[in-house]
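No value in this document is a laboratory result; all are computed from the given coordinates. Model, not experiment: these values are computed from the prediction. Backbone-built Cβ (ideal geometry, glycine too); neighbour counts: all protein chains shown.
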Amino acid sequence: MSQRRNILIVDDEQDLLELYQALLSKLESTPRVMIADSGKRALAVLASEPFDLLVTDLNMPGMDGFQLLTVVRSKYPNIRTVVISGVSDDQYRARAYGMGIDVFLEKPSTDEDIRTFVDCVEGVLTREEAGGFRGFQSMSLVDLIQAECMAGSSCVLKITNGPIAGKVWIKDGDVIDAEAQSLKAEEGFLKILEWKTGNFEKLPEEPAHERAILSSYQGLLLDSAQTLDMAQAADQGLDGEGEGEGVEGTESLSGFGQITRCNGVEFVLSVESEDAEKVKSWGAESPDKLGGWAHGQLAQFRTIGEKLNIGQLKQAVGVGLKRHVALLPGSSASLCVGIQRSFSPSEVRETLKEISVKWDS
């Protein structure tokens, strides 16, 4: 029989404390639920026995939720944390996630909100430590770094994996340096990416830190992924002269590697002309859906071209709320590329010229 879990709920409103306690006591995992009406009281309770989960408000008199989380992260790094706040503010949310919490929720006001609250707490409480980094609900480390770079952040990510730690320096959305276990720059970055689980902490930027990694973050992540994939293939007894998907996949990634170094590229996806399900991608969300969409759009363009007798489509570019999206048809496979939304039409054209040359080569 699994050990009963302990939950501590912290809020300065007694009525809410009693409501949360009643709701969480009915979870399928049958946890033991304790309450505290202040941050100081919470620390005293946490010191009395081990807890699996802390649920806390942020706006409290005396020691607020952020101060409480800071102490908890230092003294009890393995406890999972859920913030439930009456303040709907992106800065609050970003700050809380930056401190390594598992989930940020707004205080429930409807029956649906209550169900969401209960389901989220149950999910966090019973989640297995199988992978991912604390603070972003089992996202990979690549996802975490990519999210910071795409946001144009300047910060230092401190990543802890058991007794060892590493750092990644990010400046204006680019990875400029990394270190782990006496390894620095690209070697340090690659070592950190080998870690599958751990905790992370977002620290303020270090403006004076010198740049040691010159590649764009897209190229750096891709090159690191290639290296790790090849190392894994070698461990499994595969090599460059073998047959099968491993070698084919490496060739495809190499081609993408050239394209991701083009200015402004956010994702690259290729789809075979005869089969929409044969998709290869880098940096794309929902690549299967995107590949199906791209395949369908290109088929429509071909049909229009044949009907109007205007020849084959060379490229198509659209602009959305988040980015430009370009389609570049090919004989055996076509490309779908995402380009930064801030780029002007002339910058997009220049980038597409560069992509076309690299793709054809």
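So the values come out like this:
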item: Shape category assigned to region 6-127 from the gyration tensor of Cα positions, a/c cut at 1.5; result: rounded
item: Prolate/oblate/rounded label for region 262-360 (Cα gyration tensor, a/c 1.5); result: oblate
item: Nearby lysines by direct alpha-carbon distance to LYS171 (threshold 25 angstrom, same-chain neighbours under 8 apart not counted); result: LYS158, LYS184, LYS191, LYS196, LYS202, LYS322
item: Placed amide H near GLU205: partners under 5 Å, 5+ positions off or other chain; result: VAL156
item: Label-point separation in nm, LYS75 to ALA316, each point 7 Å along Cα→Cβ; result: 6.1
item: Dipole of region 141-214 [Lys/Arg +1, Asp/Glu -1 at C-beta], most positive-end residue of GLY173, LEU141, LEU214; result: LEU141
item: FRET efficiency, SER88 to ILE304 (Cβ-Cβ, R0 41 Å, nearest 0.05); result: 0.35
